[in-house]
1. Would you list the helices (runs of 4 or more DSSP H) that sit entirely within region 52-113 and hold 2 or more residues that are of a type in the set (Asp, Glu)?
2. Which of the residues that make up region 185-209 are in contact with a strand residue (DSSP E or B) (Cβ under 9 Å, 6 or more places away or on another chain), open to solvent by 40 Å² or more (accessible area, probe 1.4 Å) and over 30 Å from residue 80 (Cβ atoms)?
3. Please work out if residue 152 is outside the structural domain of residue 48 (by the TED database) and open to solvent by 30 Å² or more (accessible area, probe 1.4 Å).
4. Tell me whether region 119-136 contains one or more residues that are out of contact with any Pro (no Cβ under 9 Å at 6 or more places or on another chain), open to solvent by 20 Å² or more (accessible area, probe 1.4 Å) and assigned to a strand (DSSP E or B).
5. Taking the residues in region 37-77 that are small (Gly, Ala, Ser) and free of Cβ contacts under 8 Å to residues at least 60 places away in the same chain as candidates, determine which candidate is nearest to residue 221 (Cα to Cα).
6. Do you know which of the residues in region 137-149 that are outside any loop (DSSP other than H, G, I, E, B) and more than 24 Å from residue 235 (Cβ to Cβ) is least open to solvent (accessible area, probe 1.4 Å)?
7. What residue, among those in region 162-183 that are of a type outside the set (Val, Ile, Thr) and open to solvent by less than 30 Å² (accessible area, probe 1.4 Å), is nearest to residue 144 (Cα to Cα)?
8. With 275, 268, 248, 227 as the choices, which residue is outside the structural domain of residue 174 (by the TED database), touching a strand residue (DSSP E or B) at 6+ places or on another chain (Cβ under 8 Å) and open to solvent by 20 Å² or more (accessible area, probe 1.4 Å)?
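The values are calculated or read from the model by the stated rules, or taken from the named source; none is laboratory data. This structure is a prediction, so every number in the text was calculated from the model and none was measured. Don't worry about glycine lacking a Cβ; one is built from the backbone with ideal geometry, like all the others, and counts go over all protein chains shown. What goes into the accessible areas is simple: the full protein's heavy atoms, side chains included, and nothing from ligands, DNA or RNA. Shrake-Rupley method; radii C 1.70, N 1.55, O 1.52, S 1.80 Å.
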Amino acid sequence: MKKKLFGLATLAVVAFGLVACGGSKDKTDDSQSAGSEKESSVLKVGASASPHAEILEQVKPILKKEGIDLEIVQFDDYILPNKNLAEGDIDANYFQHIPYFNLQVKENNYDFANAGGIHIEPMGLYSKRIKDIKDLKEGATVITSNSESDWGRIITILQDADLVTVKDGVDLETATFEDIDKNPKNLKFIHNINPEVLTTTYNNDEADLVAINANFAYSAGLNPLKDSVLLEKDNSPYVNIVAVRSEDKDSDKIKKLVDALHSKEVQDWILKKWDGSVKPVNK
């Protein structure tokens, strides 16, 4: 009898142990599920400090209402944001214009998509030596970045100012300095400097003209509308976009991000913040 009772007791303990283990597993699953749900609500977006990251800060509360926690990852160069996107370290990036995006996709075989255009930043040429382009001297030096996708942009600005022309049939968007056929002032071009260094080049007065991307100009306290000697026209094709991996283009989080950036509230803020020198677009 005692042996029988002992056997029943043992079975009861084993059964209890199995139930307890089962209960513990359920709690772990619930915990993992909650963690996954929390993780899925985070949207990591790489951006240049200004104006991109500043604009994204305005979007945070809008996305929060949609259940999305926007995490902004700042970069100070043009290489890592795309590299990190390709490697899955961020979900999207917002720092580059369309020609640069297209060139990077082609050169690196990135499987990226353009999720939407957000704004245009006018490229400016700055000078410590002259205040009016009419005072530009013969043989003046022009320093630009080593970003080839910006060369046609800069050449277009110079052509609009009657300082150069390009050969017949050349697409200005992809033009290089080798495509210049007329250069009446014999301008000398230096184009081997990283974009993020151009403000230092300008501050050190290293050339007669320095072409600076607007995001770096803003960070250095320069306003393209007020401080540049030459400024890109309003019909620029260099729209800054949100870039994503192709597989994520139609994701709910990305769509909500782009919708928030296109909202009147955010676009009005952009215009006010930069006195119209950053021009929002909605497609």
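1. Correct list: 54-65.
2. 188 - this is the single residue of region 185-209 that is in contact with a strand residue (DSSP E or B) (Cβ under 9 Å, 6 or more places away or on another chain), open to solvent by 40 Å² or more (accessible area, probe 1.4 Å) and over 30 Å from residue 80 (Cβ atoms).
3. Criteria not met by residue 152.
4. No - not one qualifying residue is present in region 119-136.
5. 53
6. Of everything passing the filter in region 137-149, 143 is least open to solvent (accessible area, probe 1.4 Å).
7. Ranking the qualifying residues of region 162-183, first place goes to 177.
8. 248
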